[in-house]
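All remarks here apply to the structure that follows.
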Amino acid sequence: MTEYMNLSESELQSVIQNAEKALKEKQASKRKEVIAQIKELAASIGVSVDIKEEDGRSSRKGSKVAPKYRNPNNPAETWTGRGVAPKWMQALIDAGHDKSEFLI
């Protein structure tokens, strides 16, 4: 512990980066070993296993939702109808309008 106290900030950052890289490599190696064991065990009972390798990114992608409503006072302002209504929509509703009037 005291040996780290003598290192500069850039040296400490380098040590951290090297440690993170080594950890990722060990985890990847361990994962490959476990997958090989699973496939070996499955083969021993006559079953085939297909394990998908993922790169850690979410498989769910944010997709754009088409706007459903348009502000009649400012056509550049739109709303998808999801989440909290924007201020312009809330003001129109409070003024007695129905949101179906502003459907695109």
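Read-outs: derived from the displayed coordinates by stated rules, not from any lab. Here the structure is a predicted model, which means the values were calculated and not measured. Glycine also receives a Cβ, built like all others from the backbone with ideal geometry; neighbour counts cover every protein chain displayed.
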Please tell me if ILE93 is in contact with a helix residue (DSSP H, G or I) (Cβ under 7 Å, 6 or more places away or on another chain), without any contact (Cβ under 8 Å) to a residue 12 or more places away in the chain and surrounded by 10 or more Cβ atoms within 10 Å (Cβ to Cβ). yes
Filtered residues of region 72-86 (kept if without any contact (Cβ under 8 Å) to a residue 24 or more places away in the chain and surrounded by 10 or more Cβ atoms within 10 Å (Cβ to Cβ)): GLU77, TRP79, THR80, GLY81, ALA85, PRO86
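Given the criterion surrounded by fewer than 10 Cβ atoms within 10 Å (Cβ to Cβ) and on the phi > 0 side of the Ramachandran plot, identify the matching residue among GLY46, GLY62. Break it down into steps so the answer makes sense when it comes.
On the way: GLY62 fails: on the phi > 0 side of the Ramachandran plot.
After ruling out the rest, the residue left standing is GLY46.
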For region 1-56, which positions are in contact with a helix residue (DSSP H, G or I) (Cβ under 7 Å, 6 or more places away or on another chain), of a type in the set (A, V, I, L, M, F, W, C) and part of a helix (DSSP H, G or I)? LEU12
